[in-house]
Every structure is written in C-alpha cells, then in structure tokens.
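Each remark here refers to the structure printed beneath this line.
Only the coordinates and a few stated rules stand behind these numbers; no lab work does. Predicted model, so just to flag it, every value in this text is computed and none were measured. Ideal geometry is used to build each Cβ from the backbone, glycine not excepted, and the neighbour counts take in all protein chains shown.
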Amino acid sequence: VIKRLKASGLLAPLAALLLWGLWAFLPKLAMQNMQPHSVIFYEAVGGWLVTLPLLFFIKGKLVRNKMGIGLVFCGSNLGIIAILCYYTALKIGPVATVSTITAMYPIVVMTLARIFLKEKMNRLQFVAAAMAMVAIYLLAG
Amino acid sequence: MLSAPWLLPSFLAIILWGVSMFLPKLAIRRLPPFHMTLYSYSIFMFGAIVLQAFYGFHIEFDLRGVLLALSVGVIGGVSQIIYNFSLHTRSITYSIVITSLYPAVATLLAFIFLGEALTLRQTTGILLGICSLILMVKASDQKTES
C-alpha cells in the first residue's frame, strides 16, 4: 500500500493531512492554560526547533531567489491578514456560517491553479474534489 | 450587495487564504522545499514576535501548555516540510484537496482524546472525506482529461 501511495504521489499529502490534523487539535489543549498569543509564540519556537537544523542540512547555503522569497513573504503575510479577516467575521457573525464559508478556500486555490498553472483534473478527481468540499462543509458547520 | 456585515470579511478570508495557499506553489519553482520552509518559519517567528509586542511582551509560562505549544510548532514544521515536498512533486490541486481534509482528523482526535461528541453531520463529513481520499487514489491511475 505504501509503495502504491508513494508511486501515486499520495504519501506526502496524506502524511501532511494526518500531521495537520494533529496540529489543528493540539492548540485546543495548549489554550486550556494559556492565551492564544502565547501559544503562537511557543508554536513559532517549536517550528524553529524543526526548521533551524535544516540549515545544517543545507550547509548554511540558503538559496536567495528574490522572487521566491517575495512569494513566500506575500503568502505568509496574506495568511496572517486572512486570519484577521476570519476573526473579524467570527466576532460579528455566526460561527457556523463563517467557518463553513471560509473552509471553502481550496476552491480558490483550485481555480487559481487552473487559470495560472493550467492544472487539469480527470473526471474522478473532479468527483473526489467535490466530495472533499462537501466533507469540509459538513465538518465546518 | 453584501447584506450582512460579516460576509465581506468572510469572503476576504476565503480569497486571501486561497491566494496564500497558492503562492507557495509558485515559490517552490524557485526555492527548494527545505529552503522554503526555513523562510516561511522565519517570517512566522517574526510575526509571532510582532504579535507579542502588541501584548506588551507578556508571555505566559505553563509547563504543560508550553510543551503542547512547542509540539504544535514541531508538528507544524514537519508537516510543512512534507507539504512543500508534495508541492514539489505533485500538482497543487491534488495536494490541496487531500490536505484540506485535516479538520476530519482533528474532529476524530477530539472525539477519541477529549470525548467530544460526534454529530451525524460530522460523521457524514468524515466518511465523505475518506471516500474522497479513496477516489483520489483511484483517480491518480486515470489520465487527466479536462
């Protein structure tokens, strides 16, 4: 099974799915005793515990592609602004509806990939993507 | 047009999140996965410090909470590396559909470890998510058409 998953390129996204599930779950426990801003700080430190050793792995030679760094910078900052918009919506709107609407962001990603990267899907992938969106809708509500 | 005041920030959040998840696919063409992870976590650390400044650098310390938060960071870091590698090798459409199902895993973990009740709606969502993953595996054997 692992061989097949690896060959189809599914192993990495599936591993990320399981780890992100854990990542989404653990803050709930951490925030029982601390405020969100403190949790975010320690989370950043934890992230560095994993990512800083990568510097040794790449022998300190970071690729300095300006466009690449700019894209990462824009992506990260847009993500932070998105969280702010999300919290604003949550503050003034119904939680179930707001979280359901915002959970649909993969549709934006798929549309952008279709327009700018010309990524195509076969019929089964379309069905799988539609089912995933319904699943997210049901889980977010 | 947008009758409720919360609709505008909600739609902005969808679009900004969508764009912020799409940009790494463009960046991965210029930066190797390890390098990209290092840059994004440096920006995250900077953001976390700026956030502390807003709160007057009042960082709480509760051993259990700190250990859990550090674990969140470690797990997030590892999953980010794996995700970047998946972006490097597969289409973003493929990776985003699979990884966007992570609330199903979080819901299941909350059910198992926190005893949170699973509603019929959530159970249906988890089952549909599993079906969509199975379909994705099947779909990877098929030729891309449209």
Let me confirm something: among B:V72, B:V19, which residue is within 17 Å of A:V39 (Cβ to Cβ), within 18 Å of the chain's Cα centre (by Cα) and not acidic (D, E)?
B:V72
For the stretch A:1-85, which helices (runs of 4 or more DSSP H) that fit wholly inside it have 3 or more residues that are farther than 23 Å from B:R90 by Cα, without any contact (Cβ under 8 Å) to a residue 24 or more places away in the chain and not basic (K, R)?
A:11-30, A:36-51, A:53-57
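Results for (1) more than 18 Å from B:P33 (Cβ to Cβ); (2) buried (at least 22 other Cβ atoms within 10 Å of the Cβ); (3) more than 7 Å from chain B (Cβ to nearest Cβ), shown as yes or no for each residue.
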site: A:P27; (1), (2), (3): yes, no, no
site: A:H37; (1), (2), (3): yes, no, no
site: A:F41; (1), (2), (3): yes, yes, no
site: A:A44; (1), (2), (3): yes, yes, no
site: A:I92; (1), (2), (3): yes, no, no
site: A:T111; (1), (2), (3): yes, no, yes
